[in-house]
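Enquirer: Pasting a structure here, questions to come.
The values are calculated or read from the model by the stated rules, or taken from the named source; none is laboratory data. What you are looking at is a predicted structure, and each value in this text was computed from that prediction instead of being measured. FYI the Cβ positions are ideal-geometry reconstructions off the backbone, even for glycines, and counts take in every protein chain you see. Heads up: the accessible areas ignore ligands, DNA and RNA and are worked out on the full protein's heavy atoms, side chains in. Shrake-Rupley method; radii C 1.70, N 1.55, O 1.52, S 1.80 Å.
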Amino acid sequence: MSFWTEGEDIADQAAPDGPIETRWERRKFSAKLVNPANRRKLTVIVVGTGLAGGSAAATLAEAGYRVRSYCYQDSPRRAHSIAAQGGINAAKNYRNDGDSVYRLFYDTVKGGDFRARESNVYRLAEVSVNIIDQCVAQGVPFAREYGGLLDNRSFGGTQVSRTFYARGQTGQQLLLGAYQAMERQIGLGTIEMFARHEMLELVVVDGKARGIVVRDLVTGEISTDLADAVVLASGGYGNVFFLSTNAKGCNVTATWRAHRKGALFANPCYTQIHPTCIPESGTHQSKLTLMSESLRNDGRVWVPLARGDSRAPGDIGEHERDYYLERIYPSFGNLVPRDIASRAAKNVCDEGRGVGPGGLGVYLDFADAIDRLGKPAVEAKYGNLFEMYQRITGEDPYAVPMRIYPAVHYTMGGLWVDYDLQSTIPGLFVIGEANFSDHGANRLGASALMQGLADGYFVLPNTLNNYLASGPFDKVEPSHPDVAAARAQVEDRLTRLLAVDGDRTVDSFHRELGHIMWEYCGMERTEEGLTKAIGLIRGLREEFWQRVRVPGTGEQLNQNLEKAGRVADFFELGELMCIDALHRAESAGGHFRAESQTPDGEALRHDDRFGYVAAWGFGETPVLHKEKLDFEYVHPSTRSYK
């Protein structure tokens, strides 16, 4: 039985050729412009108010467009970008340690295991230097050295210090900068903000994205909003695993609705497992907590040498410890990329050398750093992270090592976009984590904030012009058959969810789906396990539509109804993730197939067979479209951090 069919290959028609160093400048110059007087006549909908959506809305409104911004949170500043901790990369080379735009480009392509487009990644590295200037001008309080210069630290997968940070709350400070820029435009009347509204459908008229259908989460009212273009900045889909470091509200519905309307979904199996998270403490838990990768600058990761050693960490001598990352990867040590650090932690735990309840944990030890730098210096760098850890676990990380274990954190897959960040539906642009474009099979630490702000502040405002300049587009009325059909689809779906009136909660289905995904499509995947998972998901989805119970009505605040719609989409996404992982019979970055590994247990790629982006079309049987990846500058090689 085949779970998919193959369609025609696709190509990025917007990407320029020629020297990579000038591609972005040449693309900006060749793009059509919209004069300021005409911008005031055009409306753009932006879904999501995180770093990508907030910066895009503010920048487009500043340029003169009429922007209508949507988020399901009660305030734009509650977007999940606020949870990012460690920092943001930029090729400023302030440390004079050999960094450059080209090195950031090289590190990102290599870190993504040669599964990303060179043109997109080089542009990201090029634009990174502008992001820091923009944020400093906004007043973002980056950490500074004693002399007042901006400070840097290192993150995984690099041998330079290029990460700018604001203690352990960089995402919060960057988001407040974008939020302030948004609020200024809201005050000027160029942005109309709709909080507590969730996008439930994309409106496509004559093949173009022309609006969205939303539900007011407070009153339950369904409404339609129409525009000249739609921008999705709705984040990633890590909550398909139920337990993840994502906020509980994070979901795939906005992008999945677009996928069902014709937007291709690329590389859904590329999910990132973050190596430094607080381990699961029991079945009562509904989410996991990230401990920033920045902690690996000074913390040392270790486990006991002996299996089953349950002594307190202070009772285990240095000669009885295995600093396994430093041992296996001496060149990078504790700062190897996330996929490698996560698999290494899983391996030592599978050997019976894990620590804590169930043996699912490793130590992150700061004793050496405290001895070397002093407690005040460590506290100045990581104080809020240490405090958060102590509040959650009841253990003092200044006195005993942290216990950490990998958890789902980020998704490299997303809607397929071209160089202009436009999806396969004209007029639908996708930015930030919601698209697939920049990170390949594994994202380097501190690059998510970089991509979100690069897309929102610098890339989209240039490429969206080119699309809108091809107008003016015919005015679409709410009575248009395609608009009415999109609204009816939303109403029918909500009615169907409420009508089941079964005997199982939404959360019980979500938790069971998450267990299937983690077990068979998590850190290690096999053909047998993925095939089994597809069958289990299909059976569970069928049971969901027969037994789910959604109390209340649709004409009121109803969080069970919200969750039910999101979980219904997670079922379809989860199946596609497993199909994508099954078809990709190689290991690359965060996608590790047990059948495809080197003799020493590292990921084994098959560039001759899988050197492409897998872009999936929606259908009862998904259709695979391949975009071939060409490497002119960073030639694929065996990724080594030893």
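Enquirer: Give me the one-decimal Kirkwood hydrodynamic radius in Å for the chain, with the sum taken over alpha-carbon pairs.
Expert: Numbers: mean 1/r = 0.0401 Å⁻¹.
When all Cα pairs of the chain are included, the Kirkwood radius is 24.9 Å.
Enquirer: Taking all protein chains in place and a 1.4 Å probe, what share, in percent, of the accessible surface of segment 481-610 do carbon and sulfur account for?
Expert: The value for segment 481-610 is 47 percent carbon and sulfur by accessible area.
Enquirer: What is the distance, in nm, between label points placed 7 Å from the Cα along the Cα-to-Cβ direction at residue 628 and at residue 398?
Expert: If labels sit at residue 628 and residue 398, their model points lie 6.0 nm apart.
Enquirer: Taking the mean number of other Cβ atoms within 10 Å as a proxy for protection, how do you rank 597-607, 155-165 from highest to lowest?
Expert: Values: 597-607: 14.5, 155-165: 23.8.
Going from most to least packed, we get 155-165, 597-607.
Enquirer: In terms of the Cα gyration tensor, with a ≥ b ≥ c the square roots of its eigenvalues, is segment 1-113 rounded because a/c is under 1.5, prolate because a/b exceeds b/c, or oblate?
Expert: Here segment 1-113 falls in the rounded category.
Enquirer: Let me ask something else about it. Please compute the length gained on full extension between residue 22 and residue 347, using 0.36 nm multiplied by the number of residues separating them and subtracting their Cα-Cα distance.
Expert: 112.6 nm is the gain from fully extending residue 22 to residue 347.
Enquirer: Something else about it: Using only Cα atoms, find the angle between the long axis of helix 559-583 and the longest principal axis of the chain, and express it within 0 to 90 degrees, rounded to the nearest 10.
Expert: Helix 559-583 and the main axis of the chain meet at about 70 degrees.
Enquirer: Can you tell me how much longer the chain between residue 35 and residue 5 gets when fully stretched, taken as 0.36 nm per residue apart minus their C-alpha distance, in nm with one decimal?
Expert: Using 0.36 nm per residue and subtracting the Cα-Cα distance, I get 6.3 nm.
Enquirer: Once fully extended, how much extra length lies between residue 391 and residue 501, figured as 0.36 nm per residue of separation less the alpha-carbon to alpha-carbon distance?
Expert: Working it through step by step, the gained length comes to 35.7 nm.
Enquirer: Count the DSSP beta bridges whose two residues both fall in the chain, then state the antiparallel fraction as a percent rounded to the nearest 5.
Expert: 70 percent
Enquirer: Hey, how many Å between the Cα centroid of segment 350-395 and the Cα centroid of segment 470-541?
Expert: Cα centres, segment 350-395 to segment 470-541: 39 Å.
Enquirer: To the nearest 10 degrees, how steep is helix 170-188 against the longest Cα principal axis of the chain, on a 0 to 90 scale?
Expert: The helix 170-188 is inclined about 20 degrees to the chain.
Enquirer: Calculate, for residue 595 and residue 489, the FRET efficiency according to 1/(1 + (r/R0)^6) with r their C-beta to C-beta distance and R0 51 Å; round to the nearest 0.05.
Expert: 0.80
Enquirer: Next question, about the same structure. Using the alpha-carbon atoms, what tilt in degrees (0 to 90, nearest 10) does helix 101-111 show relative to the longest principal axis of the chain?
Expert: Relative to the chain, helix 101-111 is tipped by roughly 80 degrees.
Enquirer: Right, something else. Once you have a ≥ b ≥ c as the square roots of the Cα gyration tensor eigenvalues for segment 274-407, tell me rounded if a/c is under 1.5, and otherwise prolate or oblate according to whether a/b is larger than b/c. Numbers along the way, then the final one.
Expert: Numbers: a/c = 1.29, a/b = 1.07, b/c = 1.20.
Rounded shape, in that the Cα axes give a/c under 1.5.
Enquirer: Provide the per-residue ³J(HN,Hα) series for segment 513-527, in order, calculated from phi with Karplus coefficients 6.51, -1.76, 1.60 and θ = phi - 60°, each as a whole number of Hz, with x at glycine and proline positions.
Expert: 4, x, 5, 4, 5, 5, 5, 10, 10, x, 6, 9, 10, 9, 4
Enquirer: Going by Cα centres, segment 112-138 and segment 225-283 are how many Å apart?
Expert: The distance from the Cα centre of segment 112-138 to that of segment 225-283 comes to 22 Å.
Enquirer: Run through every distinct alpha carbon pair of segment 71-224 and return the Kirkwood hydrodynamic radius in angstroms, one decimal place.
Expert: Evaluated on segment 71-224, it is 18.2 Å.
Enquirer: What is segment 278-322 by shape, rounded, prolate or oblate, if you read a ≥ b ≥ c off the alpha carbon gyration tensor as root eigenvalues and call it rounded for a/c under 1.5, prolate for a/b larger than b/c, and oblate otherwise?
Expert: oblate
Enquirer: Right, something else. Using a Förster radius of 25 Å, what is the FRET efficiency between residue 326 and residue 585 based on their Cβ-Cβ separation? Nearest 0.05, please.
Expert: 0.15
Enquirer: What FRET efficiency do you get for residue 12 and residue 184 if R0 is 35 Å and r is their Cβ-Cβ distance, rounded to the nearest 0.05?
Expert: Calculated value: 0.50.
Enquirer: Here's another thing I want to ask about it. Run the helix sum for the chain: -39,500 (n - 2.57) per DSSP H stretch of 4+ residues, divided by residue count, reported at 222 nm to the nearest 500 deg cm²/dmol. List each step's numbers first, then the result.
Expert: On the way: 18 runs with 229 residues, N = 642.
Computed ellipticity for the chain at 222 nm equals -11000 deg cm²/dmol.
Enquirer: In addition: May I ask for the equivalent-ellipsoid semi-axes of segment 481-610, computed as the square root of five times each C-alpha gyration tensor eigenvalue and listed largest first in whole Å?
Expert: Values for segment 481-610, descending: 36, 17, 11 Å.
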